[in-house]
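What follows is one structure encoded as structure tokens, with my remarks underneath.
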Amino acid sequence: MDDYFESSSDKGFVAEIEEYTDPLPEKVQVGGSPSYRIERKLGKGGFGQVYVGRRINPPNQNETTGPNALQVALKFERRSSKGCNYRPPNEWQVYRALGGSHGIPHVHFKGLQNDYYIMVMDMLGPSLWDVWNNNSQAMSIEMVTCIAIEAISILEKLHSRGYVHGDVKPENFLLGPPGTPDEKKLYLVDLGLATQWRDTFTGCHVDYDQRLEVFRGTVRYASVHAHLGRTGSRRDDLESLAYSLICLIRGRLPWQGHQGENKNFLVCKKKMDTSPETLCCNCPAPFRQFVEYVVNLKFDEEPDYAKCISLFDGIINPSPDIRPINTEGAKKLIYQVGHKRGRLMMDNDEDDVKPKRKVRLGQPATQWISVYNNRRPMMQRYHYNVADEKLIQHIEKGNKDGLFISSVASCSNLWALIMDAGTGFSAQVYKLSPTFCPKEWIMEQWKRNYYISAIAGTNNESSLIVMSKGTKYLQQSYKVGTSFPSKWIKKKWGEGFHVTAMATSGTKWVIVMSRGAGFSDQVVELDFLYPSEGIHRRWNNDYCITSTAATKDQAAIVLSIPRRKSTNVIQETLRTNSFPCTLVKDKWKKNFYIASLCYGRTVA
Ligand SMILES: Nc1ncnc2c1ncn2[C@@H]1O[C@H](COP(=O)(O)OP(=O)(O)OP(=O)(O)O)[C@@H](O)[C@H]1O
């Protein structure tokens, strides 16, 4: 029997900066391109590095863009880098699909030379981050407004081709080369993290998933869903754009400055805790409305790009010619949509962009989360607000009536106890312990073939552990951590274990995993609020909730597919400020019985 007591140090995946030791080739010529000499460095990112390439034998005519241009941008990625892993970079394929479409630079040649994958692309100008930085770290509202509407149109185009960018940020928006007719044009570069939101063959939206251990993107601008490892979709690019715009106006985002191994968690928590009003203070109202709209988008919802653009109508200079950024793309988009509807401009009053529900109010709420399973009638009993010394009475009475404990939870250091006749257990022991998880006692019971079947912890570290005989489990293991141990769970899934119980104590988590749990698959929904959308999507895919736990910051819901498909469970959930006494009775009348219970974070 193995157990784990170390605190977890799970960190999201962040692109690692690579240091290059191999020299770059002196002369670049790939895929039938002209030969270039490498000049100054343009920038260095996560995986690649970008240089100016100047033609060695330039033709007489001086072209600024296109395959014959005198100067090009050369993006190098080492073959052995993490991003490539001896295969052409993902970015190549995305540029093949998108290069040259509105707001995406042309890639003219690409190929492998020496140890490098090299991409030859149109040379562009400074990034928005450079412009902001060179202007004493400031940018006018007028400029940011133009960027907003043009960037939305670029994203619309990119999304319409089935891709999401995955790393929208000021550093990845470039202007055209200074002193050329394109100097006011906006471009989006770095397609290295782009993924498809639409399946090429079926044309359907890709499936929703949450893989907590995966983080791709840039912490400062990442959407909350990206932090939480959810499959990227169109809403994420728009959320990152919103953060980029606010950062350009305000110079700073409220979640900057966090460091250390918990950075990802703290930044994400702050994003959830910051209301659109607070985030957008000192910004014109359309920016707040844009934030409210994008943070409320569903996973597969098609954003209304034209409406987003029209939010900024009132604060943009009506004359496009004197705008600091070329907004041709935005104009075209509004025109197309207007045309479809038989008019040129959107009528803002008709159906305004309003959030359907407010998910981020900046006020954390803590509630009871109770889960009910539809099953054959049985006796179930609940007790709540139970003090330590009263526990024994309730448990003994329940046992006498043929009931075993099925769930336990804690609120304000008092216990909630669910006992019922349908557990299938043959014997049960419990321990009320002043420490979170009393290792010796648990090991002792494991030796006697009892397995943990329910567990709860209070804010002051005491815990109630229930261990039972007659479970299906073959082996059990648990881990206590100061953050949700997603990596450990993933590892144990690989060894045939499934989560069978969870609890929290303050900010600590304990996860119990068992072999032989009778599940064919399992997923975790973790969020800074009750993950309603994720739960519904999982329910639609035959998962049902099998464990819940929450801290004052986060709620974790484990959902599983039973191995025996005949077990067709119908589930309902409730979130209530006080213990749902009368509601439970209503559920019983309909043959729904409490299957899981916890107290913690529900809405932000
Ligand atoms: N076509 C271009 N013309 C001019 N400068 C460019 C061009 N492409 C990239 N750059 C510069 O190089 C920087 C890094 O490029 P890019 O983002 O494509 O690389 P990356 O390694 O994928 O970076 P990261 O993933 O960290 O954002 C950009 O921020 C920009 O300053």
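A few points about this structure:
- Comparison of Trp441, Trp488 shows that the only residue that is touching a residue at least 24 places away in the same chain (Cβ under 8 Å), in a helix (DSSP H, G or I) and farther than 23 Å from Phe528 by Cβ is Trp441.
- Here Tyr117 passes the criteria (1) over 17 Å from Pro324 (Cβ atoms); (2) among the hydroxyl-bearing types (Ser, Thr, Tyr); (3) within 27 Å of the chain's Cα centre (by Cα) except the one numbered (3).
- Residue list for segment 46-73, restricted to those being among the aliphatic types (A, V, I, L, M) and within 9 Å of the ligand (Cβ to nearest atom): Val50, Val52, Val72, Ala73
- Test: residue in segment 317-328 that is hydrophobic (A, V, I, L, M, F, W, C), open to solvent by less than 10 Å² (accessible area, probe 1.4 Å) and either under 27 Å from Trp197 (Cα atoms) or not in a loop (DSSP other than H, G, I, E, B) (or both): no
- Flag for Gly83 being buried (at least 16 other Cβ atoms within 10 Å of the Cβ), more than 12 Å from the ligand (Cβ to nearest atom) and of a type in the set (Gly, Ala, Ser): no
- Counting only residues that are at pLDDT below 95, buried (at least 23 other Cβ atoms within 10 Å of the Cβ) and among the charged types (D, E, K, R), segment 515-534 holds 1 of them.
- If only residues of segment 340-368 that are modelled with pLDDT of 55 or more and not charged (D, E, K, R) are counted, the one that is farthest from Leu414 (Cα to Cα) is Val359.
- Restricted to segment 164-196, and to residues there that are open to solvent by 20 Å² or more (accessible area, probe 1.4 Å) and closer than 18 Å to Glu301 by Cα, the residue that is farthest from the ligand (Cβ to nearest atom) is Gln196.
- For segment 109-133, taking the residues that are over 15 Å from Phe173 (Cα atoms) and open to solvent by 50 Å² or more (accessible area, probe 1.4 Å), the one that is nearest to the ligand (Cβ to nearest atom) is identified as Lys110.
- Lone qualifier among Val480, Val512, Val429 - being buried (at least 24 other Cβ atoms within 10 Å of the Cβ), on the phi < 0 side of the Ramachandran plot and outside any helix (DSSP H, G or I): Val512
- Among the residues of segment 112-146, those identified as among the acidic types (Asp, Glu) and in contact (Cβ under 8 Å) with a residue 40 or more places away in the chain are Asp115, Asp122, Glu142.
- Considering segment 432-458, and only residues there that are among the aromatic types (Phe, Trp, Tyr) and crowded, with 19+ Cβ neighbours inside 10 Å, the residue that is modelled with the lowest pLDDT turns out to be Phe436.
Okay, residues lined up against (1) in contact with a strand residue (DSSP E or B) (Cβ under 7 Å, 6 or more places away or on another chain); (2) among the basic types (Lys, Arg); (3) modelled with pLDDT of 95 or more; (4) within 17 Å of Arg515 (Cβ to Cβ):
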residue	(1), (2), (3), (4)
Asn460	no, no, no, no
Ile465	yes, no, yes, no
Lys472	no, yes, no, yes
Ser477	yes, no, yes, yes
Gly481	yes, no, no, no
Ile489	yes, no, yes, yes
Gly496	yes, no, yes, yes
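- Subset of segment 368-423 (residues that are over 23 Å from Lys469 (Cα atoms), hydroxyl-bearing (Ser, Thr, Tyr) and assigned to a strand (DSSP E or B)): Ser370, Tyr372, Tyr384, Ser410
- Strands (runs of 3 or more DSSP E) within segment 535-604 that include 2 or more residues under 21 Å from the mean Cα position of the chain (by Cα), surrounded by 21 or more Cβ atoms within 10 Å (Cβ to Cβ) and not β-branched (Val, Ile, Thr): 544-550, 555-562, 592-603
- Test: residue in segment 281-293 that is open to solvent by less than 10 Å² (accessible area, probe 1.4 Å) and either of a type in the set (Gly, Ala, Ser) or assigned to a loop (DSSP other than H, G, I, E, B) (or both): no
- Test: Val499 is within 19 Å of Ala555 (Cα to Cα) and either in a strand (DSSP E or B) or touching a Lys or Arg at 6+ places or on another chain (Cβ under 6 Å) (or both): yes
- Residue within segment 213-225 that is touching a strand residue (DSSP E or B) at 6+ places or on another chain (Cβ under 7 Å) and either more than 16 Å from the ligand (Cβ to nearest atom) or of a type outside the set (A, V, I, L, M, F, W, C) (or both) present: no
- Among the residues listed as Ile154, Ile147, Ile141, the single one being within 18 Å of Tyr221 (Cβ to Cβ), more than 15 Å from the ligand (Cβ to nearest atom) and among the β-branched types (Val, Ile, Thr): Ile147
The values are calculated or read from the model by the stated rules, or taken from the named source; none is laboratory data. Here the structure is a predicted model, which means the values were calculated and not measured. Note that we place each Cβ from the backbone using ideal geometry, even for glycine, and neighbour counts take in every protein chain shown. Each accessible area value is taken on the protein alone, full model and side chains, heavy atoms only, with ligands, DNA and RNA left out. Shrake-Rupley method; radii C 1.70, N 1.55, O 1.52, S 1.80 Å.
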